[in-house]
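S.K.: First the structure, then my questions, so here it is.
Read-outs: derived from the displayed coordinates by stated rules, not from any lab. Bear in mind that the values here come from a model prediction, so they are computed numbers and not experimental data. With ideal geometry, Cβ positions are generated from the backbone for all residues, glycine too; neighbour counts draw on all protein chains shown.
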Amino acid sequence: MDALDNILNRVSSRELSLPHPNAEEMSLAYKAALRAPDHAWLRPSSFIEVKGNGLKKLSKIFEDYALTIPDIEESRVNKYKEAPFRAPMIVILVNTFTEHPKVPAIEQKLSTAAAAQNIMLSLNAQGYGVIWRTGKLAFNKTISKSLGLNVNQEILGFLYIGTNIGKNKKIPNLDTNNFVTIL
């Protein structure tokens, strides 16, 4: 796939199914992720790959979290519990903050965000679909703790990965002049 076509035509998938990428394909995606800008080579990005029985474990973590929310409706608990099964594979984006005099926390988070984009582009080039989700389950200290993360680590999102079986979203035709100012 041409690099620019990959960037210009990537969209979040609406519906994902098996197959998901194999180990070799994911290795390429992770190599692409680690090419993201990384000031001072702090390596703030890491990933938790979830598939198979791991989806059930993540479902239980989400359900346990939901049950801590006061007065939560059963339908909401079920929504959290079913969330991992939207795709056959999930990659949890983990950012590890390292104190550094020249690299603030936001820059380290942006590095992990760039790593996520590289994963999505790599998988798109390999023929897979991806959805990046955040919401209450990301940036969540309870879930981070349940996943064994340290206090200096946080979840920046969940990449739901698989084979796109739904209709692609229409890519809007945007006028770049509406987004660019020339000084």
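S.K.: Residues of segment 1-54 being in contact with a strand residue (DSSP E or B) (Cβ under 6 Å, 6 or more places away or on another chain), surrounded by fewer than 18 Cβ atoms within 10 Å (Cβ to Cβ) and among the small types (Gly, Ala, Ser), which ones?
M.R.: Within segment 1-54, Ser12, Ser17, Ser46 meet the criteria.
S.K.: I would also like to ask the following. Against the definition (farther than 27 Å from Val151 by Cβ, among the hydrophobic types (A, V, I, L, M, F, W, C), touching a residue at least 40 places away in the same chain (Cβ under 8 Å) and surrounded by 17 or more Cβ atoms within 10 Å (Cβ to Cβ)), how does Leu123 come out, yes or no?
M.R.: Details: farther than 27 Å from Val151 by Cβ: yes; among the hydrophobic types (A, V, I, L, M, F, W, C): yes; touching a residue at least 40 places away in the same chain (Cβ under 8 Å): yes; surrounded by 17 or more Cβ atoms within 10 Å (Cβ to Cβ): yes.
Spelling it out, Leu123 is indeed farther than 27 Å from Val151 by Cβ, among the hydrophobic types (A, V, I, L, M, F, W, C), touching a residue at least 40 places away in the same chain (Cβ under 8 Å) and surrounded by 17 or more Cβ atoms within 10 Å (Cβ to Cβ).
S.K.: Would you kindly identify the strands (runs of 3 or more DSSP E) lying entirely within segment 78-183 that contain at least 2 residues that are of a type outside the set (A, V, I, L, M, F, W, C) and over 23 Å from Phe62 (Cβ atoms)? Outline the logic, then answer.
M.R.: Working: elements: 89-96, 129-133, 153-164.
Output list reads 153-164.
S.K.: While we're looking at this one, here's another question. (1) touching a helix residue (DSSP H, G or I) at 6+ places or on another chain (Cβ under 8 Å); (2) touching a residue at least 12 places away in the same chain (Cβ under 8 Å): which one isn't true of Ile72, the others all being true?
M.R.: It is condition (2) that Ile72 fails.
S.K.: Output the residues belonging to segment 98-115 that are touching a residue at least 60 places away in the same chain (Cβ under 8 Å) and not hydrophobic (A, V, I, L, M, F, W, C).
M.R.: His100, Lys102, Glu107, Gln108, Lys109, Ser111, Thr112
S.K.: Separate question: Could you identify the single residue in Asn150, Asn95, Asn118 that is under 26 Å from Trp41 (Cα atoms), touching a residue at least 40 places away in the same chain (Cβ under 8 Å) and either of a type in the set (Ser, Thr, Tyr) or surrounded by fewer than 18 Cβ atoms within 10 Å (Cβ to Cβ) (or both)? Let's see the steps before the verdict.
M.R.: Working: Asn95 fails: either of a type in the set (Ser, Thr, Tyr) or surrounded by fewer than 18 Cβ atoms within 10 Å (Cβ to Cβ) (or both); Asn118 fails: either of a type in the set (Ser, Thr, Tyr) or surrounded by fewer than 18 Cβ atoms within 10 Å (Cβ to Cβ) (or both).
The unique qualifying residue is Asn150.
S.K.: A further question on this structure: Out of everything in segment 60-86 that is surrounded by 16 or more Cβ atoms within 10 Å (Cβ to Cβ) and in contact with a Ser or Thr (Cβ under 8 Å, 6 or more places away or on another chain), what residue ends up being farthest from Thr163 (Cα to Cα)?
M.R.: If we take residues in segment 60-86 being surrounded by 16 or more Cβ atoms within 10 Å (Cβ to Cβ) and in contact with a Ser or Thr (Cβ under 8 Å, 6 or more places away or on another chain), then Tyr65 is farthest from Thr163 (Cα to Cα).
S.K.: Evaluate the following for Leu55: is it assigned to a helix (DSSP H, G or I), farther than 30 Å from Thr98 by Cβ and among the aliphatic types (A, V, I, L, M)? Can you show your working first?
M.R.: Working: assigned to a helix (DSSP H, G or I): yes; farther than 30 Å from Thr98 by Cβ: yes; among the aliphatic types (A, V, I, L, M): yes.
Judged against the criteria, Leu55 is a match.
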